[in-house]
Structure formats: C-alpha cells, structure tokens
Amino acid sequence: MDDDLRDVPPGMNPNAYGGYELDGVCIWINATQDQFHEHVPVLSHEYAHYVQAVSTYFGVGDLLHITSELHAGIQYLEDLGIPVHVPLRDWVAAGTAPESVRKTVAAVDRVRQRRQWENSTYTDPAPATAQVGGLPAYQKSGEIHLVATGAHGNRVGVPIRRLVLAEGMAVAAKALTLGSLEDLEAKTHAGAWHYIAAYQACRSAAPGWPEDSVLLATKCTCDLALCSRTPGSTFTRALRALRDLSSPASSDELARALTPVYDSDCRRDMHDITATLDQVISQTPDSHKGPQPSWSHLMHVSAKGALQCRDRDPLCLAVPTYAGEHLCTLVASIGHPVIITNDMRITVLCAEPPPGVQQARNLVRILSALSRWVVEGGTLACPYAGCPGCPAESRGPHCSTDPRSVIRPPNEKMCYFSAAAHQLFITRFL
C-alpha cells in the first residue's frame, strides 16, 4: 500500500479497529491490520453512531449545525460583496468582520464547547454510595453519575453525558454482533469507564437476565436517553423501568416498558427538533434536490425518515442488530454514512446507491474540512488525499499539502475537492 494513500482520520489511533467521524459523517475501518474477523462487529459499533446522528435529539442538532450553520455560513461568504479574510477567526479577532461572519464563528465555538462538555472523559475518583432509586447511581454537582467498577474492584463515578450513552449503545451493538462479552471485558480491564458504565448499570438493574437481553436493554436505554434534553434523568428512569420487569425482557417487553419513558421524557423534545428540521427542509432550494442532490438535502431527508420511524416506534432503530439483513433493512430506510478504509477504498453498505447520491455522500468530508479550514486556517488538505475515481491529473502529493491547484471550472471532470469548493462557493478566494 502506498503510504501517501493512508487515510486515518485526524486524532484517530492508526492501530485502532475503526472510528466514527462526526463532521464527516463517516465510518473508518482499519483494513491494514490482521483483524478482518473484527470488521463486521466494528461496523456494528460505528453504525450505532450513525443511528445516533440521524435519529436522536443530540445527533440531529449536530447535523443541523453542520448543514445550516457551518456549511451554510461558508456559502454565504459569496454574498458579502467585500474581500474575504481567511481564517475567519482572525478576521473576527481583528474586529473588522461583518456580523454574519461573527455569527458563524460564534456558532462553531458554541458547538465546540458543548461537545467538549458532552464528550468529557471526566470521572469522579470518589463515587458516593448508590442513592438514586436503589440504582448504582448518585447525584453530584447537579448531575447524575453512574458507578462503574473495574476488573480489580476499583470504582469511579461517571456523569451521564452524551459520551457514556453514545459509547454504551455502540459497545452493546458490537457485543451483540460478536455474540460475546469479549470487547466489554477488555474495556473493563482497561478501565474504559465511559464505554462500560451504561452496560454495568443495566446489568445491575436486571440481575439474572441472559447477557443478550442485558445488551439489548443497554442499547435501547442509551438510545432512548439520547432523545432527551435531560439524558441523565431519562436514563435512570429507563433503568427503573428495567428493574420493574419481572422476567428477562424480549424486544416486545422492552418496548412496552420503555415507550412510556420515551413518551414522558423524549417525545416533546423530539418533536421540537423535528419541527426545526422540517423548517430547514422547507427552505431548501430546488437546486439541492433531484438526481444530483446536495449532501445537506440528502442527510436532511435521511434524518426526516429516521425521525418518522422513531415517532411511530421509539425503539425501532435500536432493537435491530447492525449486521446482515437487519442492517440492510435499516440502510434502505435511513441510509448510511461514507464507509472508508485506510487503504483508500470507499465502499457502500448493501445496495449500491445512484451515482449522484453516492457523490453527495462522499463530498461531506471535504465540505466539512474546507469549512473548518476557512474558519480556523492551518494546512489546507484534502481529507481523502487520493480517493478512488480521482482524475489522474488531480492526484498527487499536493492533495495532502495544498490541493487548490486542482480546482477546475464546473461541468468538467472534477475531483471531490474541486466539487466541494464549488458547492461552498469559495473558489474565488481559494
């Protein structure tokens, strides 16, 4: 494999099995290691993050930030009628940027701060005795914490934030596909608290249940809590619903127990985020639709379909196994992200989409990378750096250093970088 074509997302350990890239809506699978038996379970783990991205209160909020604040804010630069100064952050700091530019940078900062808090790996080294309804949880500084126990009996408190729920759902999805607790046991030995806290809480709330029932319950309770503005209280309410079940729960029993929690804690919040999405869709220009859709329209439609499914059946996206026929059924209804490997293969799940749809899906990594560069500055690079199908005349070392030389007029054969630059309307100042 040519080292110039290695594609490891920023911040990702090249020895990891894989990862999910939020702003790129992209699953990365490490295809260079001798671990092919791991690819399907890893895909299940990462697809859980995609489900979260298109169907939960937190996920759709992030999606709308990317499409309606970040990407759209960059597109509106064309309408300023004055020279654009890049990076926008320096322009704002100089005090000469227009109000619209200040709003775009402020939105980026607001979301960054929120994500840092939601995804904090903070743990309380001195957890209190269980206090919340007899569950392994306690309240501290206004937050509900789960008590997680390591392989040697060491205990920490883990605040119930987005990271705990997102990874709790994903590790349960992987374990169900693996058919074993191997991954959870490894994470317990490693003290990966934010991955194991939700499972351990469900295990405590449902003693005597078979492991597959506990894993499904973990997947469902985490998924449900991500649909609420107050995930900590919603998750603990869901734990109490599990505890009140008299026998190991099937998916139907879980639905009967957890749907009332969704109705009381989540439905209003989900209707609010759906209304915001509907408003954005109603304002989408016709030029974004059709056989060659924009990425934003494609993702809005996928999210709308996912939200409609969830409104009818709150657990319908959490119950299926993210592998085999179940995964193909989900893909047909809510789509899938870009699937890439670090030997630069871009692939799809199940049925091949129309070429226009696949191109729109592949563009998102570059749209986000370009938008971040416009805001933050630094080295300008194509996040694919030599993707399949890239025209020979566009491909080379410059992809990783400064690919502006490959920007071509519209309607000629363009690489993804050039197409993204035109879609953001930034070719003039690139």
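Every number here is computed from the coordinates shown, using simple stated rules; none is lab data. Please read these numbers as outputs of a predicted model, since none were measured by experiment. Virtual Cβ from ideal backbone geometry, glycine too; neighbours counted across all protein chains shown.
Taking amide H atoms as placed 1.01 Å from N in the peptide plane, the amide H of G18 lies under 5 Å from those of N30, each 5 or more residues away in sequence or on another chain. Applying 1/(1 + (r/R0)^6) with R0 = 22 Å to the Cβ-Cβ distance of R404 and L80 gives a FRET efficiency near 0.60.
Taking only Cα atoms, what is the 0 to 90° angle, nearest 10, from helix 162-178's long axis to the longest principal axis of the chain? Orientation of helix 162-178: about 80 degrees from the principal axis.
The charge dipole of region 21-153, taken about its Cα centre with unit charges on the Cβ of Lys, Arg, Asp and Glu (plus for the first two, minus for the last two), comes to roughly 440 debye. Quick one, which of (i) 132, 51, 33; (ii) 66, 48, 41; (iii) 70, 58, 47 is the actual Cα extents along the principal axes in Å calculated for this model? Calculated Cα extents along the principal axes in Å: the matching label is (ii).
Of A170, V156, S180, whose Cα points farthest to the positive end of the dipole of region 144-189 (charges on the beta-carbon: +1 Lys, Arg; -1 Asp, Glu; origin at the Cα centre)? Checking the options against the dipole of region 144-189, the answer is V156.
Spacing of the modelled spin labels on S141 and Y122, each 7 Å from Cα toward Cβ, amounts to 0.3 nm.
Using only side-chain charges placed at the Cβ, +1 for Lys and Arg and -1 for Asp and Glu, the dipole size of the chain relative to its Cα centre rounds to 840 debye. Dipole check for region 137-258: with +1 at the C-beta of Lys and Arg, -1 at the C-beta of Asp and Glu, and the Cα centre as origin, the magnitude is about 520 Debye.
The count of lysine pairs in the chain that are at least 8 places apart or cross chains, and whose C-alpha atoms lie under 18 Å apart, stands at 4. Rounded to the nearest whole Hz, the Karplus-based 3J(HN,Hα) values (6.51 cos²θ - 1.76 cosθ + 1.60, θ = phi - 60°) of region 129-135 follow the sequence 5, 3, 9, 8, x, x, 8, with x at glycine and proline. Positive-end ranking of L80, P383, I27 along the dipole of the chain, with charges on Cβ about the Cα centre, is headed by L80.
Taking region 349-430, which chymotrypsin sites (Phe, Trp or Tyr not before Pro) meet the DSSP loop condition and have no more than 14 other C-beta atoms within 10 Å? Counting only loop positions with at most 14 other Cβ atoms within 10 Å, the chymotrypsin sites (Phe, Trp or Tyr not before Pro) in region 349-430 are F425, F429.
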